[in-house]
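S.K.: Please find one structure pasted underneath; my questions will follow.
No lab work stands behind these numbers, since they all come straight from the coordinates. Predicted model only: the values in this text are computed from it and were never measured. Virtual Cβ from ideal backbone geometry, glycine too; neighbours counted across all protein chains shown.
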Amino acid sequence: MTNGSHESESSNLSNDDLYSLSETINTATLDGLRTMSDEIDPELADQLLQIFREDTPVRLAAIKEALSGGDTARLRREAHTVRGVLDALGAERLSLIITTIEKAGSIDKLGDPDRLFDRLDFEFDKICRRLEQS
């Protein structure tokens, strides 16, 4: 399921429904990235994974800080920035959470920040473990 699929289904399903249907890592997307990397630039996939591992924790911390501080503009900017690499890797669940944050329009619409922080951390850790296995 690609991010475009999330958007087309969102009118019929809640975010929790989409979350349960999505994968931690869409293996077809990740395999496609690796195939493209082999054909174009053998280091591309490794570089993207390195960016993910190094930059995503920084971006997630910035998202948490923006949430805690009520900075909606920064929240949207950080969410949009991190979503690109998540989509490229096929990190569907974390991308869905980030997309929800980006599109919420206001921090009040996001619900319990502690629950959101826990979900962000949980999904990031799960992705890292999954990537180590592949």
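S.K.: At Asp114 and Gln50, where each label point lies 7 Å from the Cα along Cα→Cβ, what is the point-to-point distance in nanometres?
M.R.: 3.9 nm
S.K.: Relative contact order for the stretch 15-133: what percent, with Cα pairs under 8 Å and sequence separation of 6 or more?
M.R.: Details: 105 pairs, mean separation 41.2, N = 119.
Normalised by residue count, the contact order of the stretch 15-133 is 35 percent.
S.K.: Further, regarding this structure: Calculate the length of the line joining the C-alpha centroid of the stretch 72-134 to that of the stretch 22-39, in whole Å.
M.R.: Cα centres, the stretch 72-134 to the stretch 22-39: 19 Å.
S.K.: Here's another thing I want to ask about it. Using a Förster radius of 22 Å, what is the FRET efficiency between His80 and Asp31 based on their Cβ-Cβ separation? Nearest 0.05, please. Please list the in-between numbers first.
M.R.: Working: r = 26 Å, r/R0 = 1.17.
The calculated FRET efficiency here is 0.30.
S.K.: Convert each backbone phi in the stretch 115-129 into a coupling constant with the Karplus relation 6.51 cos²θ - 1.76 cosθ + 1.60 (shift: θ = phi - 60°), then list the ³J(HN,Hα) values in order as whole Hz, x for Gly and Pro.
M.R.: 5, 5, 4, 4, 5, 4, 4, 4, 5, 4, 4, 5, 4, 4, 5
S.K.: Now a separate question. Within a Cβ distance under 14 Å of Leu75, other residues only, what is the Lys/Arg minus Asp/Glu net charge?
M.R.: Numbers: positive: Arg59, Lys64, Arg74, Arg76, Arg77, Arg83, Lys103, Lys109; negative: Glu65, Asp71, Glu78, Glu102, Asp108.
Charge balance near Leu75 sits at +3.
S.K.: Still on this structure, I have one more. According to the Kirkwood expression over distinct Cα-Cα pairs, how big is the hydrodynamic radius of the stretch 15-133, in Å?
M.R.: 14.7 Å
S.K.: Please sort 72-81, 110-119, 90-99, 48-57 by packing, taking for each peptide the average over its residues of neighbouring beta carbons within 10 angstrom, highest first.
M.R.: 90-99, 72-81, 48-57, 110-119
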